[in-house]
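Just so you know, all these numbers are worked out from the coordinates, no wet-lab data involved. Because the structure is a prediction, the values reported are computed rather than measured. Note: ideal-geometry Cβ built from the backbone for every residue, glycine included; neighbour counts use all protein chains shown.
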Amino acid sequence: MSPIQIRPERAAEEILEFNRKLGAGLRNLANIGPIEAGVTPKEVVYREDKLVLYRFQAPAGIKQNKVPVLIVYALVNRPYMADLQEDRSTVRGLLEAGLDVYLIDWGYPDRADRYLTLDDYINGYIDRCVDVIRKRHGLDKINVLGICQGGTFSLCYSAIHPQKVRNLVTMVTPVDFHTEDNLLSHWAKKLDVDLLVDTLGNIPGEFMNWTFLSLKPFRLMGQKYLNMVDALHDPKKAKNFMRMEKWIFDSPDQAGEAFRQFIKDFYQRNALIKGELMIGEHPVNLKNLTMPVLNIYAKEDHLVPPKASIALKDYVGTKDYTEQAFPGGHIGIYVSGRAHKEVPPSIGKWIDART
């Protein structure tokens, strides 16, 4: 193998260019102003404890489906990832596809929420939000769209309360938590979650964020900050970069008891697909999912590997099951330009065909 040839004058030019871009980027960052959290107009329709239920304002002139959709986001991070910027917003795409969109914002748990359980979240908060929407629209059933952990919650909710769900959509949702390529699962299996929760109470958001970043340390903690220099010279790109950074590090604490149950029941016992899961007094049987199901997964997802998500088809009770693969990662499915053009319109068409 021939040695690498480095021309000193070329190396000096690249260093100077890098420093020039860095200087321009730092000036843009200094003048970037406030970073908005969510861009689509919305109204509060219900509050309970830390939870807020929003309804988004539809663009003028778009005919809406009469059956609304409720977005159930994960407890980890904040739901404005689904509405990050004007030209890359899952929420806006769903509105433009003719859907009437509601979303649960879980807020920021504190010590008063230490003993909230999965039953409180699923058969309590989610069920009451569903009932609020059903009453507002005079409907027996609504559509539910669950994202990541919120998708797992939506599976449980829909299996327990199938009479309230017309169509179910899951996005990058873990179902089988013991696939061999699931690094997060391998870590969680060995976690002494009782010691962790009994010691800390609520689980700090910083702990969760560090865990996720550590799954791809070079890509998520090194390479992206080198690559950002090429983007920061453009004020718009700089603001979009900081908007993403804000979301990444905007990590709520996790209610201790719900975290304990989620790690034990899902990551350690894999109880969902074994038919051994109980949410409060309710057994969760995925065969009760007899409504139409659309399962969307990302081919390059490092948090929810495709195998962990597409396992759903083997356990549902419906004959109307559809899978959609997106050629991107766990975050790209919401914020990439391609996702904005493809995913929300396909959800809208799928729901319209079944409503």
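Straight-line reach from Lys63: which lysines have a Cα under 23 Å away, not including same-chain ones fewer than 8 places off?
Excluding near neighbours in sequence, the set is Lys42, Lys135, Lys141, Lys341, Lys349.
How far apart, in nm, are two points set 7 Å out from the Cα along the Cα-to-Cβ line at Thr355 and at His282?
2.2
Show log10 I(q)/I(0) for segment 40-137 at q = 0.20, 0.22 Å⁻¹, two decimals, from a solvent-free Debye sum over equal Cα scatterers.
So the normalised log intensities work out to -1.03, -1.19.
Once you have all Cα-Cα distances for segment 225-355, histogram them in 10 Å bins from zero and send the whole-percent values.
Cα pair-distance distribution for segment 225-355, in percent: 10, 26, 34, 22, 8, 1.
In segment 315-355, if every C-alpha pair distance is counted and binned at 5 Å from zero, what percent goes to each bin?
Cα pair-distance distribution for segment 315-355, in percent: 5, 19, 25, 20, 17, 12, 2.
Can you compute the radius of gyration and Dmax for segment 137-208, using only the Cα atoms, both in Å?
Taking only Cα atoms of segment 137-208, I get Rg and Dmax of 16.2, 47 Å.
Using a Förster radius of 41 Å, what is the FRET efficiency between Lys190 and Asp234 based on their Cβ-Cβ separation? Nearest 0.05, please.
So the FRET efficiency works out to roughly 0.40.
Sort Met244, Met278 by Cβ crowding within 10 Å, fewest neighbours at the top.
Met278, Met244
With 10 angstrom as the radius, rank Thr40, Thr290 by how many other C-beta atoms surround their C-beta, starting from the fewest.
Placing the least packed residue first, the sequence is Thr290, Thr40.
Using the Cα centre as the reference, give the magnitude of the dipole from point charges on the C-beta atoms of segment 304-350 (Lys, Arg: +1; Asp, Glu: -1; all else neutral), rounded to the nearest 20 debye.
Taking the Cα centre of segment 304-350 as origin, the dipole is about 100 debye.
Please order Ser89, Ser158 by the number of other Cβ within 10 Å, starting at the fewest.
Ser89, Ser158
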